[in-house]
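Here's the structure, in structure tokens; my notes come after.
What follows draws every value from the coordinates through simple rules; no lab data is involved. Quick caveat: nothing in here was measured; it's all calculated off a predicted structure. Counting neighbours? That spans all protein chains shown, and the Cβs are built from the backbone with ideal geometry, glycine included.
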Amino acid sequence: MSGYLKPAVLLLLIFFSHQTFELALEGLELWYTCVVPALLPAVFMITLISSDEFSKTDLPLLFLLSMASGCPGSAMFLSSAYRKNLLDRESYLFWLIALNNPGLPFLISIAFKGELLLILPLYASSLLCALFFKYFAVSGKNKNSDELNKSFLHTSYSDRAGAVSIETAIEKSMYLMLKILGYILMAYIASGLICYIFPNAFSILATCYFELTTGVVKIRTFNYFCLLSTPLLLSVVGFQGLSSIWQVYAVIKEDGVRLPFLIKYKMLNALTAFSIGLLIDVIYKYFGIK
């Protein structure tokens with residue numbers, strides 16, 4: 001299948017070269033105007049903290065910090081805690097699912113601007129997915145199941161301890177930001193070409209799940225989605241887009257966490273968030289709340 005897919009993608013890029021170039025420029029602009037200012041300070045700070053020594057007594061504060069900074073910063077912290085043997089593999093995956101949300105600055109200023117109470121159902125949705133993983137996917141007789149063992153592989157590390165210099169932290173942070181740029185460009189070009197070739201509501205809705213920021217903008221601006229704007233908005237932010245999933249994967253893939261594992265639980269999170277949003281809409285309409 002991949003043997004036919006790669007030439008087909010190449011032909012699409014050549015045939016729609018002008019659109020591809022324009023989409024790449026838009027993705028680059030999104031990266032340096034939104035993503036870098038929002039993520040680079042958190043990534044740099046967590047790189048410094050994660051490389052230094054910290055103990056289990058520091059974990060609660062670092063959990064709050066990673067929740068505020070959002071992914072991929074939270075994934076960086078959890079990966080470092082796991083490599084330092086402060087988290088076992090089940091706890092690592094549990095918190096990876098629970099904390100894998102956008103950062104508070106993005107939620108407050110972009111995603112839920114004017115609707116800050118939606119942050120609560122978003123966090124509730126990811127927590128429900130993490131509890132599902134803990135008590136159903138790997139509980140009881142399933143402790144040794146594929147969900148825990150084959151979806152996750154604990155590798156050994158020789159650099160578990162030792163702080164890094166500021167220069168090294170900057171280098172690692174910028175390397176990660178360049179990886180993120182690549183994932184954003186792939187998702188941006190793919191979603192843009194789909195909308196260009198198939199300009200209808202279904203294709204636009206599908207591309208909302210490619211890249212988070214553009215998905216949020218589309219949900220808020222297109223009249224197609226006005227009747228289900230709250231459930232769809234929660235769903236898109238809960239899924240975070242394939243671009244954000246690839247960003248997290250770039251951080252933790254050396255830990256052996258597989259990409260299908262991340263996608264599966266982000267899809268579950270999107271479905272749970274949509275259901276909660278639908279319930280909120282029903283309650284608001286029943287009580288006449290605007």
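Taking θ as phi - 60° and the Karplus parameters 6.51, -1.76 and 1.60, the scalar couplings of segment 262-268 work out to 4, 5, 4, 6, 6, 5, 4 Hz in sequence order, x denoting glycine and proline. For the pair segment 180-201 and segment 210-274, the centres of their Cα atoms are 14 angstrom apart. The H on the amide N of Val257, modeled in the peptide plane, is under 5 Å from the matching H of Leu153, each at least 5 residues off or on a different chain.
Extending 7 Å from Cα along the Cβ direction at Phe15 and again at Ile166 yields two label points whose distance is 5.3 nm.
Legend: residue pairs Lys218/Lys285; Lys134/Lys264; Lys179/Lys253, Cα-Cα distance threshold 18 Å; pairs beyond threshold, Lys218/Lys285. Taking the average, over residues, of other Cβ atoms within 10 Å as the packing measure, peptides 267-275, 201-209 rank 267-275, 201-209 from highest down. Taking θ as phi - 60° and the Karplus parameters 6.51, -1.76 and 1.60, the scalar couplings of segment 108-123 work out to 6, 8, 10, 5, 10, 4, x, 9, 5, 5, 5, 4, 5, x, 5, 5 Hz in sequence order, x denoting glycine and proline.
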